[in-house]
Structure formats: structure tokens, C-alpha cells
Amino acid sequence: MKSEWEGFNPKGLWTSEINVRDFIQANYTQYSGDSSFLAGPTAATKKLFDELQKLQKAEHNKKCTGLDGKERSGVLDLDTDVVTGLTAHPAGYICPEGKDLEQVVGLQTDKPLKRAFMPFGGIKMAEQSTQMYGYESNKELHKIFTEYHKTHSDAVFDVYTPEIRAARKSHILTGLPDTYGRGRIVGDYRRVALYGIDYLIEQKELDKLNCGNGTMSEDIIRQREEISEQIKALKGMKAMAAIYGYDISKPAKTAKEAFQWLYFGYLAAIKTQNGAAMSVGRISTFLDIYIERDIKKGILTEEKAQELVDHIVMKFRMVRFARIESYNQLFSGDPIWATLEVAGLGQDGRDMVTKNDFRFLHTLENMGPSPEPNITVLYSKRLPENFRKYAAKISIDTSSIQYENDDVMRPIWGDDYSICCCVSATQTGKEMQFFGARANLAKALLYAINGGKDEGAGLTPYAQVGPELAPITSEYLDYDEVMRKYDV
């Protein structure tokens, strides 16, 4: 295997620990120059993006009449007969007649912008998301996911206490797990490129062998089952890649393979999960290592490097989920928060700006502004001035960049964290974040005044939702009285 890693420092590779962070720190190339090296879009990028824009326009202009009789802005297509999965759909391309143009391949379904049927989170939500656009979901699937298969939403409702159910039904709390599914997880998709699926499976099998040391407690039984599911998912990713003619069992040998392997990892996530935030993670500096090596070898040009970046970003812009109407009302613009980070500093004080950080920002010039992916600059005054100037220029020109204070985040999460939604951080591939429920503060105040009773909102009028206390009956509201009553 050593020949595959010529020019790489092997730190973090082929050890008992999967360690992408150390590999990056040992191999990335800092760049303090300006943006003059950047290349414009290739002919392939222009053709593919032109086709994508036609599809997006058709999607935007399509009107659908829901089964409730309401007219809505439509979806281009929506699957109602096939349950989503890693290998549930055949290979799909932006334009099949020109699929060789795509340097990074893979779609959520078999057609661009076609939305998948995703009932594992909750069959009612999946059906509501199809019905609001005028589609009737498969009745056999309804039977399977109500009589034979327990969904995430069913499981959550089973563990809710009566108090939680009352708070949910009265809408004093919203954004609860039954609606938002599995919280926010940023997978470390870089591992697929760096190690290959076979090595990841090998390490997971070792994890399973070492799990429990003969003790079969409830926690160990659960963990062994989960590891088995992870191994099955990794094998499924190999099968998914094979549909597109790729073997991702071994590490990526070139920049093109690194982009493709990494994207297959992300594609596996968005084929099977429809979380409110499906972030991409901290991939720019990692991918730059492969680009730098290939350019030095003379097998990659700057124009082709930019093409790889443009094409993977194009795929991030195409992610679609079928959402229920309340979600669409809460969040405008059909967002998925495919957050992708650039820049930042290392724990050793070096800035982590590479040419690839410029390339990802440059996609907003090559293909125009876009909310997805949610490109986030991990900002510090210690970043190179040329990069800060270029980021400011792109911000002014496109209004499509988010900034986070790396000097605040790094001491807590280290130098390999990712933004898991809009602003909050997790250690890439090592943590997950559960959604925090939103509280209706106006209604909470009303409960404090009227003794915790709700005035309706789908419940029996004046149902007891909050703590049962005597209501405040004075003509004027005394703040101190409320605080004393609730022992605040």
C-alpha cells in the first residue's frame, strides 16, 4: 500500500485508530497568496449547470394541487412506490446522454431533483409530504410501516410522558424529536476516501469483537447490535458505489477518486436520512492534499481541480427532501443546511487556508450565488490577509457566505470540528447533537398567569398542561408575584 501514499506523511494512516485529523495536519499545504490562480468553469461545468438550472426552474414553476385541494409550488418528481435506501434506485445522472461530463456522480434517486419516499422517520410524515403535492403513496407501504415496521416517530411517542405529550399537543414546545428525527449528525465522509470501505469494515469488526469482553449487559447488547448495523451500512455503501461502476473498497488514489469516494459517503447519508440539517463537514483542506499531490505529479491541472470542486458543490446544491407543510412554513427556501467549512486555524497555531478554500468560495462565481451548500468561513484575524479579502469580496458579491468565530470555537472543539447546522459545532464524526425544542414564551407566560391551564389549542378547553397552581387574579400583573409563585 505504500506506493499509493507516495508524498504523504503516514501519520494517522493504517493504525488501530481512524484518525483523519492527524493526516490533515501532517500533510496540508498552506496558501497565503491571492485568488489570481483560480480557473473559470469548464465546458462540462457550464453544460451540466445549464441543465441543472433548467430543472430548478421547472421545479420552481411547477404548481401542484394537494389532496387537500390547496395549490402549492410543486416538486419536479416524487417517489411513492420505492422506499429509499442505499441501493433502492438505479444510477442517476444530471443528463444521462452526457453522464461522462460529471466528474462526481451520484443522485439520491434515479433522476435529478426527484424526491425519495422516506418512511423510516415516520409513515404519517412521509405520507403527508406526498399528499400535499398531490401524490398518493403506496397503500402496501402504509400497511408495512404501520403493522410490521416500527418507525422512529412511533418509538419517540412510546417514550413520551403524559406531560410531554400535553406540552407537544398544546404547542408550548415545538421542534421535538418526533418531527425532527435523528438530530444533527455530521458524518466524517473523508474516512471513505482516506481508508477505503474494507478497512473501515475491518476496524468495525474489531470493535465488535472487543465490545463487552464477555459481559452481556443491556448496554453491551444494544451496542453490539448497533455495530452490526454499521458494518451492514458500510457494505451497503460499497454496493451503492458499484451501481455507478466504482469500487470504493480501497483508499482513493487520486484527487478525482478522493472527491468521488467522499461524496459517496455523503450520498449514503442523504439517501437514508432526512434530518433537518444534513451537513457536509470540514472537507476542503482534506481534499486539497490530494489535489496538491496530483498537480505536482502533473496528472491534474488547476482547471480540472476547479472542475472537481464545482461538480461536487453542484451535487450539494441538488439535495432535496420531501417535507411536511409545517416544516416548509417554518423554514423558507426548502433548506437542508449542507454546511461546508473552509479556513480556520490548527491547534499548533498554523492557519489551515489552502488553495481549495479559495476554490470552494470561487464556486459562487463560477455557478452564481446559492444558499446550499452553506459555505462557512471559520474566521480569525490570524487568517492570511489575501484570503480574508477574497472572502469579503465574495460576501459582498453573493451574500452567500456564513462566518463563525474560530477563536471561540477551536479551544472547545479542537481544529477538526464541523458546523452541524447553522452555527453549532460538533467534533467531526465523533459527536451528534440533539435538537433543542423551541418554547412558546408568550404561551408560557399565559400559563404562569392562569395556573398552568391551556385555553384550547387542540386540547380540552382549560386543560391542565403546566404545574397546577392557583391562577393570578389581580387586575395588574406583578412580575415579582409570578416569580415567587414559581419559585424563580
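Read-outs: derived from the displayed coordinates by stated rules, not from any lab. Because the structure is a prediction, the values reported are computed rather than measured. No Cβ is skipped: glycine too gets one built from the backbone with ideal geometry, and neighbour counts run over all protein chains shown.
Remarks
- Sequentially through the range 29-34, phi angles give Karplus couplings (6.51, -1.76, 1.60; θ = phi - 60°) of 10, 5, 9, 10, x, 9 Hz, Gly and Pro residues having no value and appearing as x.
- The phi-based Karplus calculation (6.51 cos²θ - 1.76 cosθ + 1.60; θ = phi - 60°) puts the 3J(HN,Hα) values of the range 137-144 at 6, 5, 5, 5, 5, 4, 5, 4 Hz, whole numbers, x for Gly and Pro.
- Going from the residue with the fewest nearby Cβ atoms within 10 Å to the one with the most, Tyr199, Tyr476, Tyr133, Tyr290 rank Tyr476, Tyr199, Tyr133, Tyr290.
- Rounded to the nearest 20 debye, the dipole size of the chain about its Cα centre is 740 debye, using +1 on the Cβ of Lys and Arg and -1 on the Cβ of Asp and Glu.
- Global geometry of the range 342-435, whether rounded, prolate or oblate, following the gyration tensor of its Cα atoms and the 1.5 cut on a/c: oblate
- Computed over the range 37-110, the P(r) tail beyond 19 angstrom holds 53 percent of alpha carbon pairs.
- Global geometry of the range 107-153, whether rounded, prolate or oblate, following the gyration tensor of its Cα atoms and the 1.5 cut on a/c: prolate
- When all alpha carbon pairs of the range 207-309 are counted in 10 Å bins from zero, the resulting P(r) reads 13, 31, 30, 18, 7, 2 %.
- Neighbour counts of other Cβ atoms within 10 Å put His89, His149 in the fewest-to-most order His149, His89.
- Under-5 Å amide H pairs with Gly451, H placed in peptide plane, nonlocal only: Ile472
- Distance distribution P(r), the range 247-391, all Cα-Cα pairs, bin width 10 angstrom from 0: 10, 37, 35, 15, 3, 0 percent.
- Spatial extent of the range 291-371: Rg and Dmax, with the Cα atoms as the point set, Å: 16.6, 52
- Listed cross-link partners Lys139/Lys271; Lys208/Lys250; Lys57/Lys355; Lys111/Lys393; Lys271/Lys393; Lys253/Lys381 are compared with a 26 Å cut-off, the Cα-Cα value being larger for Lys57/Lys355; Lys111/Lys393; Lys271/Lys393; Lys253/Lys381.
- Residues Phe117, Phe37, sorted so that the one with the fewest Cβ neighbours within 10 Å comes first: Phe37, Phe117
- Ratio of Rg to Rh over the range 197-249 (Cα coordinates, Kirkwood Rh, two decimals): 1.12
- From phi via Karplus (6.51, -1.76, 1.60), per-residue ³J(HN,Hα) for the range 148-157 in Hz, x at Gly/Pro: 10, 10, 7, 9, 4, 4, 4, 5, 5, 5
- Amide hydrogen proximity for Gly121: with H placed 1.01 Å from N in the peptide plane, the residues at 5 or more positions away or on another chain lying under 5 Å are His152.
- When the Cα positions of Gln230, Ile197, Leu38 are compared along the charge dipole of the chain, Leu38 comes out farthest toward the positive end, with charges on each C-beta of Lys, Arg, Asp and Glu.
- Descending semi-axes in Å of the chain, equivalent ellipsoid built from Cα gyration tensor: 41, 27, 26
- Between Ile375 and Leu340, Gln402, the built amide H atoms are under 5 Å apart, and every one of these is 5 or more places off in sequence or on another chain.
- Ellipticity at 222 nm from helices only: DSSP H runs of n ≥ 4 in the chain, each -39500 (n - 2.57), divided by the residue count, give -13000 deg cm²/dmol.
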